[in-house]
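Before any comments, here is the structure.
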Amino acid sequence: VSYYEQENQGQAVARNLGMDKAQGEYVMFVDSDDYLLENVLNGIYAAAKKEDADICVGKEKVMRKDGTFTIDSDIKKVTANSIMGRDALLNGMVLGSVCARVFRKEFLLSNNVQFVPDMKHEDVYFNLSLLPYADRVFFVENPIYYYRWNGKSTDRSNAEESVFKGLTGDLEVALLAMNLAKIFIDDKALSGYLQKLSSSLMVGNVYSLWNENKKLSVYNKKRYINLAKQRSLFPIQTKGLGWKSFVLATIINVIYGR
């Protein structure tokens, strides 16, 4: 076991250091307030090797806010244990966490993917950067990871700067999805999914700006709109959106799309 210590620079920098120092065939991430279930690494490693998987995904044992437990899977509609990454996306694979899965280190290196420092929702960005390129994603049936709900985590903070940071993190994910949609333009299903993901994030974010419960200052609302315009995320593409999102996107484009 090799242990490395550095000045606290946030989760992304720590994970990047871990990837850089890792010597094994596969890399796994465990958050500081979670832990692995007993005797799971041999099993998920063996499955990843047997299936020649770029990414191997297990289930999570999740502690709810009230202290009860549930078993969560990162994909709901999969009909086969081993599928391509693009099919995992099209079948609704959850992008919100890099935990409960292992990544082939060579696959990470070949795609030159790292975590973005000081970014909220960096797990979504990391997963989305990789999945369209994965030749094989394998899903393990048993739980391997224990996720503890933490109401005091920075990700759940309602402080204005934290909320704003979450919205700007979504901006980067929306931009990534839009760019990937262009890269995979010949794959109509995947490109359409990616463009819809980008547009849906933008609609949801702007709606959050209008939602007084978020309590964002006028200054931060203007900051967000300017950042979105700098990234050419307006006007929002409306193709493929449900009717409610279509209507909202049309209104948003009238207001901000110029």
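Is region 39-53 home to any residue that is surrounded by fewer than 10 Cβ atoms within 10 Å (Cβ to Cβ) and basic (Lys, Arg)?
No: region 39-53 contains no residue that is surrounded by fewer than 10 Cβ atoms within 10 Å (Cβ to Cβ) and basic (Lys, Arg).
Just to check your reading of the model, which residue among Glu60, Glu51, Glu25 is farther than 19 Å from Leu95 by Cα, acidic (Asp, Glu), in contact (Cβ under 8 Å) with a residue 60 or more places away in the chain and touching a Phe, Trp or Tyr at 6+ places or on another chain (Cβ under 7 Å)?
Details: Glu60 fails: farther than 19 Å from Leu95 by Cα; Glu25 fails: touching a Phe, Trp or Tyr at 6+ places or on another chain (Cβ under 7 Å).
Exactly one of Glu60, Glu51, Glu25 is farther than 19 Å from Leu95 by Cα, acidic (Asp, Glu), in contact (Cβ under 8 Å) with a residue 60 or more places away in the chain and touching a Phe, Trp or Tyr at 6+ places or on another chain (Cβ under 7 Å), namely Glu51.
For region 87-122, give me each residue that is open to solvent by 50 Å² or more (accessible area, probe 1.4 Å) and assigned to a helix (DSSP H, G or I).
Leu90, Glu106, Leu109, Ser110
Please list, ordered by residue number, the helices (runs of 4 or more DSSP H) wholly in region 159-258 having 1 or more residues that are farther than 18 Å from Lys120 by Cα, in contact with a Lys or Arg (Cβ under 8 Å, 6 or more places away or on another chain) and open to solvent by less than 20 Å² (accessible area, probe 1.4 Å).
Qualifying helices (runs of 4 or more DSSP H): 188-210.
Regarding Pro143, is this residue over 11 Å from the mean Cα position of the chain (by Cα), surrounded by fewer than 22 Cβ atoms within 10 Å (Cβ to Cβ) and in a strand (DSSP E or B)?
Details: over 11 Å from the mean Cα position of the chain (by Cα): yes; surrounded by fewer than 22 Cβ atoms within 10 Å (Cβ to Cβ): yes; in a strand (DSSP E or B): yes.
So Pro143 fits the description; yes.
So in region 21-34, with the set limited to residues that are at pLDDT below 95 and among the charged types (D, E, K, R), which one is farthest from Cys56 (Cα to Cα)?
Across region 21-34, the extreme among qualifying residues is Asp33.
If I filter region 3-22 down to residues being free of Cβ contacts under 8 Å to residues at least 40 places away in the same chain and open to solvent by 90 Å² or more (accessible area, probe 1.4 Å), which single residue comes out as farthest from Met119 (Cα to Cα)?
Tyr3
Which one is farthest from Ser73 (Cα to Cα) among residues in region 28-48 that are among the acidic types (Asp, Glu) and either in contact (Cβ under 8 Å) with a residue 40 or more places away in the chain or touching a Lys or Arg at 6+ places or on another chain (Cβ under 8 Å) (or both)? Let's see the steps before the verdict.
From region 28-48, those among the acidic types (Asp, Glu) are 31, 33-34, 38; that's our starting set.
Narrowing further to those that are either in contact (Cβ under 8 Å) with a residue 40 or more places away in the chain or touching a Lys or Arg at 6+ places or on another chain (Cβ under 8 Å) (or both): 31, 33-34.
Numbers: Asp31: 18, Asp33: 19, Asp34: 16 Å.
Result: Asp33.
The values are calculated or read from the model by the stated rules, or taken from the named source; none is laboratory data. None of the values given here were measured: they were computed from a predicted structure. Positions of Cβ are backbone-derived with ideal geometry, glycine not excepted, and every protein chain shown enters the neighbour counts. Quick note on the areas: whole protein, heavy atoms, side chains included, nothing else; ligands and nucleic acids left out. Shrake-Rupley method; radii C 1.70, N 1.55, O 1.52, S 1.80 Å.
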